[in-house]
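Here the structure is laid out as structure tokens; the discussion comes afterwards.
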Amino acid sequence: MKNKKKIFINNRWLNILLILCIVDLYPFLMISLASETVSLNVILSKIVLASQGFGDAYYERGENILAISIFENSWLLYHFLFSPLCTLVIYNCILFFSRVSIFQRTVTVFVVVVQVCSYIIVGTNKLIFDYLALFFFALLLSTCKNVNARFIKLTLGGKNVFLLVVLVLAALIFFCGSYSSRIQDKKSFGVNTISGNKINSENMVLVPEDMRSSILGFSSYLTQGLEHLDWALGMDFQWCYGLGSSKYLANFLQKMGVNADEIEKRTYEYRISQKEGVKNGQYWYSAYVAFANDVTFFFVPMLIFILAIIWGHYWKLCLNSNDLTCFPIFVLLGICFFYLNANNQIFGKAQLLIFIPLYVLSKFFDIQIVRNK
């Protein structure tokens, strides 16, 4: 959009925005820990539970998170209103890490560490891989020929590649450990039915026994979305009125008083769960299935093509524009494409309520950081 209104943020305002990000940690912890209040006792109890097994912490969070509503708690309403702004600030402070002040770096690191640790102690992998994706895309942008000194000073060589490899390995080790704990608690969870892999099947004989659950879980994560895509392709289309592609949005409207139960029953995911006898929401469904609920499988490739054009547009803007909204949108769409075969990230999750405000903001405003003279 041409002639966008420019908004300039100086260091003082950036400091204020970072303080708002610190305040936002409280409702963020309420959601990540699935607790109505956050205190030292609550955090310690979660740590103790996680030390006994990530599976227990993971399933406890899954049971408690359903009771949380942003409309019944002022802290959660604050998070709903300010999380897009906090994402904008934190993502760009990471991208411009070498250019911001020591205070701004300290706050950025503090926020990221608290967020990641809160997900670790409940045995959830999501945020860890999101920040890995962010670091990867920052590295990718910094290596492009058109990039200038305003970005974080990264290169594909040396310590940055080493750091990326270490972070990926650490994330995979945590994933394997947490997933193994989940399988021990729920024997039927994560069985990869598309390949027929069972923990004690013949094709797992060569794998050390202690690693079988982890290998099975990793295989399941990579393939179960495609298996459900195969099932959905054999079913008839039932339009979901634009809400079928985002379970989170449907649940969000449900809490606002909109009756979304009948819409959910029309989705491929619900009908597969009824037909195959699996619990709805227990397994991943590829994003193609979610999108098809609203546009049919015939138009899904066209929708993916449009999203790819938008992603490429924001990639170009990241390299040639100073607008701060570009990088978060670029990262969020990158995460969406990375998970396409597995599940509907961003559009089917709470991050939809971050993506939409940022996307609208980018169409009307050009937000830039300026240095105080």
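For this structure, a couple of remarks:
- In this simple spin-label approximation, N10 and D261 carry label points 7 Å from Cα along the Cα→Cβ vector, and these lie 5.6 nm apart.
- A simple spin-label model places pseudo-atoms 7 Å from Cα toward Cβ; at S51 and Q254 they are separated by 3.6 nm.
- Label-reachable residues, region 6-36, where backbone N falls under 17 Å from a point 7 Å from V114's Cα toward its Cβ: 15-36
- Karplus-based coupling profile of region 225-235, in residue order and whole Hz: x, 6, 5, 5, 5, 4, 5, 5, 4, x, 10, with θ = phi - 60° in 6.51 cos²θ - 1.76 cosθ + 1.60 and x standing for Gly or Pro.
- Computed label-point distance, nm, for sites F299 and I43 using a 7 Å Cα→Cβ extension: 4.8
- To the nearest 10, the accessible area of Y59 is 50 Å² with a 1.4 Å probe.
- Alpha-carbon geometry of region 1-101: the Rg and the Dmax are 17.4, 57 Å, given in that order.
- Amide H contacts of N344 (H built 1.01 Å from N, under 5 Å, at least 5 apart or other chain): Y285, A287
- For M302, the solvent-accessible surface computed with a 1.4 Å probe is close to 110 Å², ligands and nucleic acids excluded.
- Largest to smallest accessible area among F327, F110 [probe 1.4 Å]: F110, F327
- Gap separating the Cα centres of region 323-373 and region 95-130, nearest whole Å: 17
- In a fully extended conformation the segment linking V207 and D236 would gain 6.4 nm over its present Cα-Cα distance, using 0.36 nm per residue.
- Modelled FRET efficiency - R0 41 Å, I102 with L340, Cβ distances, 0.05 increments: 0.55
- Around the amide H of I9, modelled in the peptide plane, lie the amide H atoms of Q368, I369, V370, all under 5 Å away and 5 or more residues distant in sequence or on another chain.
- J(HN,Hα) series, region 236-247, from Karplus relation 6.51 cos²θ - 1.76 cosθ + 1.60, nearest Hz, glycine and proline x: 6, 8, 10, 4, 10, 6, x, 9, x, 7, 9, 5
- Accessible area of D261 (1.4 Å probe, protein heavy atoms only, ligands and nucleic acids ignored): about 70 Å².
- In order along region 362-367, phi translates into HN-Hα couplings of 5, 7, 10, 10, 10, 9 Hz, rounded to whole numbers, per the Karplus curve 6.51 cos²θ - 1.76 cosθ + 1.60 with θ = phi - 60° and x for Gly and Pro.
The values are calculated or read from the model by the stated rules, or taken from the named source; none is laboratory data. All values derive from a computational prediction rather than experimental measurement. Because the Cβ atoms are built from the backbone with ideal geometry, glycine has one as well, and the counts that use them run over all protein chains shown. These accessible areas exclude ligands, DNA and RNA; they are computed on the full protein's heavy atoms, side chains included. Shrake-Rupley method; radii C 1.70, N 1.55, O 1.52, S 1.80 Å.
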